[in-house]
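For reference, the structure discussed in these notes is given below.
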Amino acid sequence: MRLKLRIWRQAGPTAPGRLEDYAADDISPDMSFLEMLDVVNEGLVRQGKDAIAFDSDCREGICGMCSLVVNGVPHGPDRGTTVCQLHMRRYKDGDTITIEPWRARAFPVVKDLIVDRSAFDRIIAAGGYVSVNAGGAPDGNAIPISKAIYEQAMDSAACIGCGACVAACKNASAHLFMGAKISQLARLPQGQVERASRVAAMVHQADAEGFGSCSNEGECEAVCPKEIPISNIARITRELVKAVWRGGE
Amino acid sequence: MLTCAFERRNSKLRGTVSSPRLRLLGSSVATKLLIGITGLALVLYLIVHVVGNLLIFLGPDFFNRYAYTLEGNPLLPIVEIGLLLVFLIHILRTIRNFVLNQRARPVRYVEKRRAGWPSRKSFPSSTMIVSGLWLVAFLLVHVKAFRYGAEYPWPAGGRDLYRLELETFRSPLVVAFYAISMVVIGAHLWHGIASGFQSLGADTPAWRRFILPAGKIVAVAIAGAFIVIAIWAHLQGAA
C-alpha cells in the first residue's frame, strides 16, 4: 500500500506546530497503525531526519499510552479500540490520513504527537483512591458484593486513562475519565468512607487543570476504547449533590 | 480523621482553607446542574405557554378571558420576576461556561469529525450557544410586542390580546421571523431536554431509551404548535 500522511510536527511545547506531508510506501495491510508509523520513522532516520515522536507502550490495546487523532477521530475509525489496534487493512491504497495529537489546554504538546497527560494523574492523586486502613486482607467471601454491582464497578474500572474522552469532547472535558473512577469506587464498600471528599477533590482538581465542562453530547463514549458510557458522568452529579447535601467536617 | 488529613492536604495544595464541599457549588459539575435545572424549568414554562396559546383556536371570548384570568392573578408579578431570574441564571451561567469551555482547547484541530453512534452530537447540539443567543434576541422582540404591546381594551375586562395577535401576525415578515425563531427553539430543545435531565444525573438504560426520543418529540411539538398558531393568526388577520 502507498499512503499520503499529513502529520502534526511540533518541536517543543512552545514551538509553533504545523501539518507536514509524508509518503508511506511499502505498507502492508497487516501492519498496525503504529507499525506503519515505525516504517515511516525508519525511513526518516535513514535520511538523517528527525523521527516523528508518538507515544506507545503495550501495543495490545490495554495500557492507554497511544494517543493519536486519526482523520479527526481519537483512536481512529474503529469503535472500542485504541489506535495501536487499528490496522492498515482499514485503509485503501492511495488514501490520505491526517494525524494530530490530543488537543486540550490541560494536555500540552511535548513534541509532535506526544502530549503530557499528567493532569490525569493529578486528578487521581486528588482523590481517586482508597486510603482508609481496613486492616488485613479480608477473607475472599466475607464481604459479599452482588454480581450486578461488581460488574458495574468493573465496567467503570476498565478506564485505561488514555485521554481520548478529552480529545473528542468539544469542551476538552475530563468528566468521563473522572466519572469512571468516582463511579467505580462509589459502587464498592471500600470506597464509601471517602466518598464525599473524593468527588469534591477530583472535581476541583479537574477544573483547576483547565479541563472544560460537559455538554452531554457523548462523543467521549463513542471514542472510548473501553466503551465506558456517559452514565458514569451522570453519577458525578448525583455524588456531588449528596456530598454538598451531607456537608463536611 | 484520615478524611480530615486528606482534605487538609488538598486545601494546602490549592492554597485555600474554605470547605471544598461548599466550593463545589462553583464547579463545572454544579454549573451543568444549574443550567439543566433552569433549562428544564423554562421547558415547563414553554409547555404551559403553548397550551395557553392554543386556546386562541377557541375564539376571542375564551382566549381573552384566559389572558384576563392570568393577568388578574396577584401572584403574577412574583411569577414574572421568578421567570426573569431563571432566564438570567440560565443565560449568564451558560455564557460563562461557554467561555471557560473555549479556553479548555486553545489550539483547535485542523481536522475534526464526529465519532458517530453512540454519540448524540448533532447540528443542534453543537450550536446551542448560537440558538440560545438568537432566542435572547427573539425574546426581547417578543416581550416588547406582546407584554408591552398595544393595550386594546376588551369589553368583558382586560386586554384584547386576540386582536393584538392577529394584527401583529398580519405582516408576513413577522410570521417569518417567528417561524424561524420557533425552528431555532425546536433545535435548542432537540438536544436541550434530554441533556437537561442528563445534567440532573438521571441516566439509566431504560430512562435513556425513553428520554432521548421523548425530548425530541416535545421539542418538535412545541415548535410546531407555535408555528401553526402564527400562520393561523396571519390567515385570520388577512381574511
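Considering segment B:58-68 alone, what residues qualify as being of a type outside the set (A, V, I, L, M) and loosely packed, with under 12 Cβ neighbours inside 10 Å? Once the filter is applied, which keeps residues that are of a type outside the set (A, V, I, L, M) and loosely packed, with under 12 Cβ neighbours inside 10 Å, segment B:58-68 yields B:Gly59, B:Asp61.
Taken over segment B:219-239, the criterion of being in contact with a helix residue (DSSP H, G or I) (Cβ under 7 Å, 6 or more places away or on another chain) and open to solvent by less than 50 Å² (accessible area, probe 1.4 Å) is satisfied by B:Ala219, B:Ile222, B:Ala223, B:Ala225, B:Phe226, B:Ile227, B:Ile229, B:Ala230, B:Ala233, B:His234, B:Gly237.
Among all positions in segment A:194-217, there is at least one residue which is in contact (Cβ under 8 Å) with a residue 12 or more places away in the chain, open to solvent by 40 Å² or more (accessible area, probe 1.4 Å) and within 13 Å of chain B (Cβ to nearest Cβ). The helices (runs of 4 or more DSSP H) located wholly in segment A:94-186 that include 1 or more residues which are in the same structural domain as A:Gly210 (by TED's automatic domain parsing), in contact (Cβ under 8 Å) with a residue 40 or more places away in the chain and more than 12 Å from the chain's Cα centre (by Cα) occupy A:118-127, A:147-157. Hey, any hits in segment B:177-194 for a residue that's farther than 26 Å from A:Gly80 by Cα, open to solvent by less than 50 Å² (accessible area, probe 1.4 Å), at pLDDT below 95 and more than 8 Å from chain A (Cβ to nearest Cβ)? Looking for residues that are farther than 26 Å from A:Gly80 by Cα, open to solvent by less than 50 Å² (accessible area, probe 1.4 Å), at pLDDT below 95 and more than 8 Å from chain A (Cβ to nearest Cβ), one finds none in segment B:177-194, hence no. The residues in segment A:57-75 that are on the phi > 0 side of the Ramachandran plot and either away from every other protein chain (no Cβ under 14 Å) or within 13 Å of the chain's Cα centre (by Cα) (or both) can be counted, and the count is 4. Consider A:Ile228 carefully, then state whether it is closer than 19 Å to B:Gly36 by Cβ, of a type in the set (Val, Ile, Thr) and either open to solvent by 10 Å² or more (accessible area, probe 1.4 Å) or not assigned by TED's automatic domain parsing to the domain that holds A:Ser67 (or both). Spelling it out, it is not the case that A:Ile228 is closer than 19 Å to B:Gly36 by Cβ, of a type in the set (Val, Ile, Thr) and either open to solvent by 10 Å² or more (accessible area, probe 1.4 Å) or not assigned by TED's automatic domain parsing to the domain that holds A:Ser67 (or both).
Here B:Gly132 clears all of (1) within 30 Å of A:Glu100 (Cα to Cα); (2) surrounded by fewer than 21 Cβ atoms within 10 Å (Cβ to Cβ) except the condition numbered (1). Looking at B:Leu140, B:Leu83, just one residue is open to solvent by 70 Å² or more (accessible area, probe 1.4 Å), more than 20 Å from B:Ser27 (Cα to Cα) and under 20 Å from the mean Cα position of the chain (by Cα), and that residue is B:Leu140.
The values are calculated or read from the model by the stated rules, or taken from the named source; none is laboratory data. All values derive from a computational prediction rather than experimental measurement. Every residue, glycine among them, receives a Cβ derived from its backbone with ideal geometry; neighbour counts consider all protein chains shown. Note: areas computed on protein heavy atoms with side chains; ligands, DNA, RNA excluded. Shrake-Rupley method; radii C 1.70, N 1.55, O 1.52, S 1.80 Å.
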